[in-house]
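So the structure is just underneath, and the comments pick up after that.
The values are calculated or read from the model by the stated rules, or taken from the named source; none is laboratory data. Given the structure is predicted, the values throughout are model-derived calculations rather than measurements. Cβ: placed from backbone, ideal geometry, glycine included. Neighbour counts: every protein chain shown. The accessibility values were calculated without ligands, DNA or RNA, using every heavy atom of the protein model including side chains. Shrake-Rupley method; radii C 1.70, N 1.55, O 1.52, S 1.80 Å.
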Amino acid sequence: MKIEQVEVLVLAAQEGKRDALELLYRHFFTPMKRYALIRVHQTTTAEDLVQNVWLKVGRRLQFMQDVRVFRSWLYKALRWEIIDWARQQRNANFEELNESSLFTEDLRPEVLDVAPLLAGLKPNEREVIELFYLSELSVNETALVLSIAPGTVKSRLHSAREELRHRYLNEGNKP
């Protein structure tokens, strides 16, 4: 779906057209779930978090003033939902799942290939990589989601790519 189509659907949804909101939901559910899965490592939890965001979107969409930022607004809401979930889990003494229980059935093969490499990055670099490459957000959208400057996104992308390149080259040299 093109950006212009998304903007038209957002405007229609703001006017109360439920079918427009449903089309937006269907378009964004899978990529949002993929982003959540990368962060929480549980399929049902990821789906629940995305559903919670869409419930909030339904109530708050009418207040959005600039429809051009819809996608970044959506991912920012999901990011905060994940942060809130993580805080609740920490408060409940939640034990993280081990890597063997990962959600392999729900991720694209290329995401599975890079997941171990991404796990070793600094959290702020990993999150920029996840949003920019895996969720396919632009530099500006990533900046809006993370509430940082676009230059900071570029800097973190550069640092993360250098770290990944370094790891890849070192792994390739092992006997």
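Worth a mention:
- Some residue of the range 40-56 being over 23 Å from Glu130 (Cα atoms), at pLDDT 90 or above and crowded, with 17+ Cβ neighbours inside 10 Å: no
- Annotation note: Cβ proximity below 8 Å between a residue of the range 144-156 that is within 12 Å of Ile129 (Cα to Cα) and a residue that is small (Gly, Ala, Ser) (sequence gap 6+ or interchain) occurs for Val153/Ala143.
- Qualifying positions in the range 138-164 - of a type in the set (A, V, I, L, M, F, W, C) and surrounded by 14 or more Cβ atoms within 10 Å (Cβ to Cβ): Val139, Ala143, Leu144, Val145, Leu146, Ile148, Val153, Leu157, Ala160, Leu164
- In the range 1-24, the residues that are closer than 11 Å to Leu61 by Cβ and not in a loop (DSSP other than H, G, I, E, B): Leu9, Val10, Leu11, Ala12, Ala13, Gln14, Ala20, Leu21, Leu24
- The residues listed here are Ser101, Ser135; of these, the one that is closer than 12 Å to Ile38 by Cα, among the polar types (S, T, N, Q) and either surrounded by fewer than 13 Cβ atoms within 10 Å (Cβ to Cβ) or at pLDDT below 90 (or both) is Ser135.
- Hits in the range 138-173 - residues which are under 21 Å from Leu37 (Cα atoms) and in a loop (DSSP other than H, G, I, E, B): Ser138
- Only one of the numbered conditions (1) at pLDDT 90 or above; (2) more than 30 Å from Ala12 (Cβ to Cβ) is not met by Leu112, and that is (1).
- Total residues in the range 138-152 satisfying the condition of being under 11 Å from Tyr75 (Cβ atoms), aliphatic (A, V, I, L, M) and touching a Lys or Arg at 6+ places or on another chain (Cβ under 7 Å): the figure is 2.
- Residue tally, condition of a type in the set (Gly, Ala, Ser) and under 17 Å from the mean Cα position of the chain (by Cα), over the range 135-158: 4
- Residue check for Leu121: open to solvent by less than 40 Å² (accessible area, probe 1.4 Å), part of a loop (DSSP other than H, G, I, E, B) and under 21 Å from Phe28 (Cα atoms): no
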